[in-house]
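Q: Here's a structure for you.
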Amino acid sequence: MNAKHLVFGTLVLASASVFAVATQQESVPQTKPYKDPARNQSGQSQNDGERVFKQNCSRCHTAPEGFSPSISGTIVRHMRVRASLSQHDEEALLHFFNP
Amino acid sequence: MLRSGFGLINCSAAPAIRYLGLALVVLVTANHGSAQNTPLISGGAGFFTSTDSGNTDYLPIAEPLLAASAGKHILFESRATFLESFAPNGGNQTGYSHSHSIGLTYVQGDYIASPHFTLVGGYFLIPFNTYNDRLTPIWIGNFQDVPLILSLGILSSGSGLGGMVRGNAIARNKYTIDYAYFYSARSANEQFSAHRGNGGRSILYLPEQRLELGLSYDRLLQGTHENFYGAHAWWEPKDTAFRLRSEFSRGHHAQGYWVEADYRLQAFGGADSAIGRFEPVFRMQQTFRRDTVVSDGLPSVNTQRADFGLDYNLPHNTRILTSYARQFSVTGDHNVWETGIVYRFLFPAWKGKQQ
């Protein structure tokens, strides 16, 4: 790979960045991990939880299509350690999973 | 290098039995008092094929993760890898040769001492840059192959045996800073292979810009003591499905970087539309040798590689990964074709109490 390959690669990345920003949409979650989306938009703490989810969990991976409420506490505990969530974020995320 | 090549060893079924025994101990001691804290089993199972310079491998693989909480402050977690590798016999021979590997990726206990301080003990993933402890699960990675520079800074096995402190140092609305510091002892145990070393990582995250910047450092404290330096930058613009991730690593004998961009085509009918499930991915990487000592797992000569991938996100937590890569070096250029399918699972270890 020489300089022209690097230039080409850089152009591809730059083009992708411009395209992504140009196609910015209103908040459209890729997937809902649980329950009714309408319920997730009610209440400040649920909005907080959704924000925490998007800003932390979604940084590395997409949301699962669904899971049992009985493991939501374990998932949040796991995310708290993995993503270094604050206590407030942990509580908001748990409330988001169990509105 | 396939992701499965890390920290794994060919072995008998005995370690698997020990792992299952350990899992049972963790589950039995876990807290079941809360209706939301049932222990979980998560992870991925997949089937990969890779054709490198005309040689094809087939790789069925499973990576189960077990997590169980105990009380309000404790979490046990562990991940293992089970894989079987098949390759056609060369020459005029028919049939396939195969080998299997079973390995613990990590097994650790976490004690959340305060909102800003978590103590980790056991066999843990080395927190150097981002790939090793955040992107190695097969259901997360966009490519089958790990980056060429992954072996820099992760002390050979990718895991350390000892302790780590980590947490959120500062959490504000406009920025957060988190940290991790670890110390690992030397271990020649078959399942808990580790090198003596220490180091840490600090990450600044700007939530409004969705920008993450981090610095890593660690030092190998056995044999020839060596320093490793790392830096990473991730940018995931708000309300888009675009992600730009990059890492740079520098070791005593080599250095390199990778940059990866992916975009899920959800702008075309939504994320669950037939088109919106496609996810083009591109990764570019370069490695540079600083001297002729090849002891770090990187290619023996300066190497460049471009990966072009097209993933498809099927319903029910299933992904198809396909990619073509062209690798360039003075020892010869070659192609790598890869396809695979991965299923992500997440369910309670048993039926929990009803709320």
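Q: Scan (1) surrounded by 18 or more Cβ atoms within 10 Å (Cβ to Cβ); (2) in contact (Cβ under 8 Å) with a residue 40 or more places away in the chain for the single condition residue B:253 breaks and write down its number.
A: Failed condition: (1).
Q: When residues of the stretch A:70-99 are filtered for being farther than 28 Å from residue B:165 by Cα and at pLDDT 90 or above, how many remain?
A: Looking only at that region, the number is 1.
Q: Does the stretch B:341-348 contain at least one residue that is in contact with a helix residue (DSSP H, G or I) (Cβ under 6 Å, 6 or more places away or on another chain), under 30 Å from residue A:78 (Cβ atoms) and either in contact (Cβ under 8 Å) with a residue 40 or more places away in the chain or crowded, with 16+ Cβ neighbours inside 10 Å (or both)?
A: Yes, some residue in the stretch B:341-348 is in contact with a helix residue (DSSP H, G or I) (Cβ under 6 Å, 6 or more places away or on another chain), under 30 Å from residue A:78 (Cβ atoms) and either in contact (Cβ under 8 Å) with a residue 40 or more places away in the chain or crowded, with 16+ Cβ neighbours inside 10 Å (or both).
Q: Turning to a different aspect of this structure: Does residue B:117 meet the test of being of a type in the set (Phe, Trp, Tyr) and at pLDDT 95 or above?
A: Judged against the criteria, residue B:117 is not a match.
Q: A further question follows. Would you mind stating whether residue B:313 is outside any loop (DSSP other than H, G, I, E, B) and at the interface with chain A (Cβ under 10 Å from one of its Cβ atoms)?
A: It is true that residue B:313 is outside any loop (DSSP other than H, G, I, E, B) and at the interface with chain A (Cβ under 10 Å from one of its Cβ atoms).
Q: Quick test of your reading of the structure: residue B:331 fulfils all but one of (1) of a type in the set (Val, Ile, Thr); (2) assigned to a loop (DSSP other than H, G, I, E, B); (3) closer than 30 Å to residue A:50 by Cβ. Name the failing condition by number.
A: Of the numbered conditions (1) of a type in the set (Val, Ile, Thr); (2) assigned to a loop (DSSP other than H, G, I, E, B); (3) closer than 30 Å to residue A:50 by Cβ, the odd one out for residue B:331 is (3).
Q: Scan the stretch B:59-83 and report the pairs whose first residue is under 20 Å from residue B:120 (Cα atoms) and whose second residue is among the charged types (D, E, K, R) and not in a strand (DSSP E or B), with Cβ atoms within less than 8 Å and a gap of 6+ or a chain change.
A: Pairs that qualify, where the first residue is under 20 Å from residue B:120 (Cα atoms) and the partner is among the charged types (D, E, K, R) and not in a strand (DSSP E or B), are B:67/A:77; B:69/A:77; B:75/A:77.
Q: Same structure, new question: For the stretch A:40-74, which residues satisfy the criterion of being part of a helix (DSSP H, G or I) and in contact with a Leu (Cβ under 7 Å, 6 or more places away or on another chain)?
A: Listed by number, the residues that qualify are A:49, A:52, A:53, A:56, A:60, A:71, A:72, A:73, A:74.
Q: What pairs come out if I take residues in the stretch B:103-116 that are within 9 Å of chain A (Cβ to nearest Cβ) and pair them with residues that are part of a loop (DSSP other than H, G, I, E, B) whose C-beta lies under 6 Å away, six or more apart or interchain?
A: B:112/B:73; B:115/A:86
Q: Now a separate question. Within the stretch A:43-85, which residues are touching a His at 6+ places or on another chain (Cβ under 8 Å) and at the interface with chain B (Cβ under 7 Å from one of its Cβ atoms)?
A: A:65
Q: While we're on this one: Residues being at pLDDT 95 or above and either in contact with a Ser or Thr (Cβ under 6 Å, 6 or more places away or on another chain) or not in a strand (DSSP E or B) (or both): count how many of those fall in the stretch B:238-252.
A: 1
Q: Let me ask another. Step by step: first the residues of the stretch A:86-99, then only those that are of a type in the set (D, E, K, R) and more than 8 Å from chain B (Cβ to nearest Cβ), then the one that is farthest from the chain's Cα centre (by Cα). Which residue is that?
A: A:91
Q: Please enumerate the residues belonging to the stretch B:198-231 that are touching a residue at least 60 places away in the same chain (Cβ under 8 Å) and within 12 Å of another protein chain (Cβ to nearest Cβ).
A: Selection gives B:201, B:214.
Q: Still on this structure, please answer the following. If we scan the stretch B:289-298, do we find a residue that is in a strand (DSSP E or B) and surrounded by 13 or more Cβ atoms within 10 Å (Cβ to Cβ)?
A: Yes, the stretch B:289-298 contains a residue that is in a strand (DSSP E or B) and surrounded by 13 or more Cβ atoms within 10 Å (Cβ to Cβ).
Q: Of the conditions (1) part of a loop (DSSP other than H, G, I, E, B); (2) touching a Gly at 6+ places or on another chain (Cβ under 8 Å), residue B:280 fails just one. Which one is it?
A: Just one mismatch for residue B:280, condition (1).
Q: If residue A:72 satisfies all but one of (1) crowded, with 21+ Cβ neighbours inside 10 Å; (2) more than 24 Å from residue B:202 (Cα to Cα); (3) of a type in the set (Gly, Ala, Ser); (4) free of Cβ contacts under 8 Å to residues at least 24 places away in the same chain, what's the number of the condition it fails?
A: Of everything listed in (1) crowded, with 21+ Cβ neighbours inside 10 Å; (2) more than 24 Å from residue B:202 (Cα to Cα); (3) of a type in the set (Gly, Ala, Ser); (4) free of Cβ contacts under 8 Å to residues at least 24 places away in the same chain, residue A:72 misses just condition (4).
Q: So residue B:96 fits all but one of (1) within 12 Å of another protein chain (Cβ to nearest Cβ); (2) of a type in the set (Phe, Trp, Tyr); (3) under 26 Å from residue B:61 (Cβ atoms); (4) exposed (fewer than 15 other Cβ atoms within 10 Å of the Cβ); what number is the exception?
A: (1)
Q: Residue by residue through the stretch B:37-76, note down the ones that are farther than 26 Å from residue A:91 by Cβ, in contact with a Ser or Thr (Cβ under 9 Å, 6 or more places away or on another chain) and small (Gly, Ala, Ser).
A: Those that are farther than 26 Å from residue A:91 by Cβ, in contact with a Ser or Thr (Cβ under 9 Å, 6 or more places away or on another chain) and small (Gly, Ala, Ser): B:50, B:62.
The values are calculated or read from the model by the stated rules, or taken from the named source; none is laboratory data. Since the structure is predicted, the reported quantities are computational estimates derived from the model, not experimental observations. Every residue, glycine as well, gets a Cβ built from its backbone with ideal geometry; the counts of neighbours run over all protein chains shown.
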